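Note sheet for the following structure.
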Amino acid sequence: MTDRETGPSGGFRGSIGRTHEESTPWWNTPPAAAPGTPSVIYVMLDDVGFADLGCFGSELATPNIDRLARHGLRYTNFHTTTLCSPSRASLLTGRNHHAIGMRLLSNLDTGFPSGRGCITPAAATVAEILRDRGFNTFCVGKWHLAPTEHTSASGPYDQWPLGRGFERFYGFLEAETDCFHPELTYDNHAIDPPRTPQQGYHLTTDLIDRSISFIRDQSSVTPDKPFFLYLALATAHAPHQAPPEFMARVRGRYDRGWDLVRAERFARQKALGIVPPDTALAPRNAGVLPWDELGDDERRLAARLQEAYAAMIEHTDAEFGRLLAFLEEIGRFDNTLIVFLSDNGASQEGGRQGSVNTTAIQNRVPEDFAHNLSLIDRIGGPEAQSNYPWGWAQVSNTPFKRYKQNTHEGGVRDPLIVHWPAGIAARGELREQFHHVIDITPTVLALLDVPVPEVYRGVAQMPMHGTDMSYSFAQPQAPTTRLTQHFEMFAHRGLWHRGWKAVAYHERGSPYDDDVWELYHLDTDWSECRDLAATMPAKLTELKERFWAEAGRYDVLPLDDRGYALRARVPRPGSPRARSRFTYYPGMAHLPMAVTPPTMNRAHRITAYLAEPLAAHQGVLVALGGVSSGYVLYVKDGHLCYEYNYVGARYRIRSSAPLEADATVLRFVFDKTGDCRGVGRLLVGEREVGATEFPAVLPFFHGWHGLDIGRDALSPVSHDYNGSFPFSGRIARVVYDLAPSEDVMLFEPVD
């Protein structure tokens with residue numbers, strides 16, 4: 001008899017003879033969590049500020065979230081990275097975001113190690129670690145941790161959720177999505193939403209349904225096995241959208257204006273003990289006017305934009321309550337550790353007046369106030385993609401100054417609730433210790449008695465940068481175990497050390513050395529109202545030098561203040577966008593925006609080759625974008641049509657006469673007449689059948705909705721047809737030809 005080693009998982013420990021009577025069987029014991037091990041849920045909100053939950057001082061109705069606070073712990077000195085992808089990467093790995101390759105958004109590869117747009121394999125995620133320790137692992141909702149040029153059906157898939165430790169995924173891969181028409185991915189493939197808005201669809205409901213489904217399936221088969229659920233909701237990133245009944249609930253609530261609501265929240269925070277009684281309310285942020293200085297129409301529009309935000313949060317709380325009820329129903333509520341947080345402070349991306357079109361802000365296109373006002377009754381619904389103005393974002397961040405993207409407290413201090421009835425005795429208490437998002441996963445692993453691997457799948461692992469904060473569960477007055485934390489985003493900088501904070505706001509495009517550093521003693525000045533830089537220059541110098549030391553230690557350098565839109569125009573090496581001809585075939589999966597042809601401000605031609613003569617067929621040939629921006633080439637009532645949606649302004653071309661029945665080559669050509677303007681032409685073969693001037697085209701970005709062949713699948717680009725308007729004939733292929741650069745004015749035909 002002989003012993004043999006078989007398989008990649010190790011040696012066979014039985015024995016093998018000529019027959020089974022002469023052999024000894026052996027089975028490898030799979031990893032299993034210890035009996036009684038809790039399940040774990042991370043719930044991450046998006047762009048929800050410190051003061052937006054009822055249990056943190058808001059007037060918003062969040063009874064289910066408040067219930068967690070009432071029976072768990074609220075952390076009032078908890079911090080994040082001030083931007084979405086970095087906070088998510090830090091949450092899942094327990095490491096500082098620059099050090100693991102996520103200096104800002106996953107949409108970009110800066111060319112430096114700190115900004116690859118994905119998490120290095122040297123930082124295993126909590127899902128990877130727990131999966132290998134006997135947990136089932138689920139990711140539901142927003143991912144935004146894969147290079148966005150890798151998010152098509154062509155992959156690569158190694159940075160998708162299933163490539164980073166999750167066994168199941170249902171959600172969206174990008175930074176944002178329309179909640180009525182989301183770009184959904186199920187495991188590793190794109191799918192259409194299961195219902196339409198007319199049938200009552202909303203993304204938040206769908207995500208909670210899927211979370212319950214994943215847990216139900218797992219608990220039905222292996223009820224003693226723990227699970228890890230990462231539930232990353234779209235709430236309340238723009239666009240702010242909610243079912244009509246939730247919009248109705250908040251109608252008129254914010255007519256009293258942001259100054260009064262902010263003062264009310266501040267008073268409530270003091271009454272709840274969320275902020276110390278001697279805390280000052282930070283002064284009004286630059287650009288935020290007093291409410292009573294706005295015109296009547298400005299107040300009316302601003303109030304409605306805030307209503308959409310509030311309705312979205314209240315709807316999310318109601319849906320989240322269904323998940324909590326399900327956990328109770330199956331007996332897994334008490335022994336599930338729930339960590340509930342937001343990824344950064346409230347967003348400044350709606351601008352001074354707010355927006356009904358998120359693509360406009362992202363392209364730096366000023367919105368027409370009268371046009372926005374005309375859409376007031378569409379705000380919150382599927383026909384608008386809105387974001388609120390700075391004044392309401394400041395309310396969300398009460399009592400702090402500044403916003404998301406900034407390293408002042410308004411950008412980095414966020415609500416955190418920890419709830420675990422079976423493991424935490426304290427109920428409804430507050431904790432004031434300074435902690436950071438990198439501390440959560442080390443805490444969870446310590447509670448589960450799961451070691452951090454030194455090597456994961458052959459890759460040496462960097463140590464966890466976070467610290468275990470579970471000491472605070474039973475010791476409300478214990479000093480924090482975190483002594484130092486740096487912050488950096490778009491060259492805004494900050495350094496917290498033992499209660500002191502140095503912080504610098506950076507004006508984009510200005511010399512970094514011109515930035516003015518401020519100094520605050522946060523232990524006695526929570527809201528950064530008393531700048532001590534002039535009176536304590538030695539202390540400021542100490543913290544600034546410590547910042548540079550931390551920056552070198554954690555790969556923060558080089559400083560880089562360039563915005564997303566400008567850099568997104570240049571595809572990274574190997575990108576599917578880095579060519580001038582693109583050929584697409586009918587039936588292909590929905591194509592994410594990041595891998596679509598970069599036609600912005602560029603001469604180009606789109607040609608639809610039909611597999612059979614046109615005859616009486618009609619429908620969409622190709623569509624990109626949605627209600628906020630995009631374009632569509634289609635046939636309707638015998639005419640070839642093209643519509644360009646320029647952030648709500650629509651340029652249409654319709655062929656001068658019905659097309660011949662034998663037509664098989666249908667084209668749109670865009671020739672530039674200047675920067676961000678040109679002429680669009682329709683052709684059948686090479687014969688022109690219509691043309692119009694485009695006084696403006698988008699410079700950077702067509703929005704977050706991608707491309708479909710043979711239909712307009714999600715949020716509609718045009719109002720000229722109903723539904724997805726699928727093409728009734730057969731398309732052979734659709735070909736894009738792009739001019740070699742933006743400087744080329746006329747497209748030269750190529751066949």
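The values are calculated or read from the model by the stated rules, or taken from the named source; none is laboratory data. Only a predicted model underlies this, so the values are computations on that prediction, with no experimental measurement involved. Cβ coordinates were reconstructed from backbone atoms using ideal geometry, including for glycine residues, and neighbour counts include every protein chain displayed.
Some notes on this structure:
- The residue list 137, 120, 80 contains one member that is buried (at least 23 other Cβ atoms within 10 Å of the Cβ), more than 30 Å from residue 389 (Cβ to Cβ) and of a type in the set (S, T, N, Q), which is 137.
- Strands (runs of 3 or more DSSP E) (entirely within region 437-522) containing at least 3 residues that are of a type outside the set (A, V, I, L, M) and modelled with pLDDT of 95 or more: 484-489, 492-497, 517-521
- All conditions but one from (1) in the same structural domain as residue 151 (by TED's automatic domain parsing); (2) surrounded by fewer than 24 Cβ atoms within 10 Å (Cβ to Cβ); (3) over 30 Å from residue 460 (Cα atoms) apply to residue 26; the one that does not is (1).
- Identity of the residue in region 318-364, out of contact with any helix residue (DSSP H, G or I) (no Cβ under 9 Å at 6 or more places or on another chain) and of a type in the set (Ser, Thr, Tyr), that ends up nearest to residue 697 (Cα to Cα): 359
- Annotation: residue 472 fulfils all but one of (1) surrounded by fewer than 20 Cβ atoms within 10 Å (Cβ to Cβ); (2) assigned by TED's automatic domain parsing to the domain that holds residue 129; (3) not β-branched (Val, Ile, Thr); the unmet one is (1).
- Candidate set from region 255-290 (those that are in contact with a Leu (Cβ under 9 Å, 6 or more places away or on another chain) and surrounded by 19 or more Cβ atoms within 10 Å (Cβ to Cβ)); member that is nearest to residue 403 (Cα to Cα): 262
- Any chance residue 92 is under 31 Å from the mean Cα position of the chain (by Cα), closer than 16 Å to residue 436 by Cα and aliphatic (A, V, I, L, M): yes
- Beta carbons closer than 9 Å, at least 6 apart along the sequence or on distinct chains, pair a first residue in region 513-539 that is on the phi > 0 side of the Ramachandran plot with a second that is in a loop (DSSP other than H, G, I, E, B) for 528/282; 528/400; 528/401; 528/402; 528/408; 528/522.
- Checking each residue of region 372-385 against the condition of being buried (at least 24 other Cβ atoms within 10 Å of the Cβ), among the basic types (Lys, Arg) and either assigned to a helix (DSSP H, G or I) or on the phi < 0 side of the Ramachandran plot (or both) gives no match.
- Exclusive hit being buried (at least 18 other Cβ atoms within 10 Å of the Cβ) and either over 30 Å from residue 178 (Cα atoms) or touching a residue at least 12 places away in the same chain (Cβ under 8 Å) (or both), set 741, 728, 715, 656: 715
- Consider region 640-656 and keep the residues that are modelled with pLDDT of 95 or more and assigned to a loop (DSSP other than H, G, I, E, B). The one that is nearest to the chain's Cα centre (by Cα) is 655.
- Checking each residue in region 303-351 for being of a type in the set (S, T, N, Q) and closer than 24 Å to residue 444 by Cα picks out 335, 336, 342, 344.
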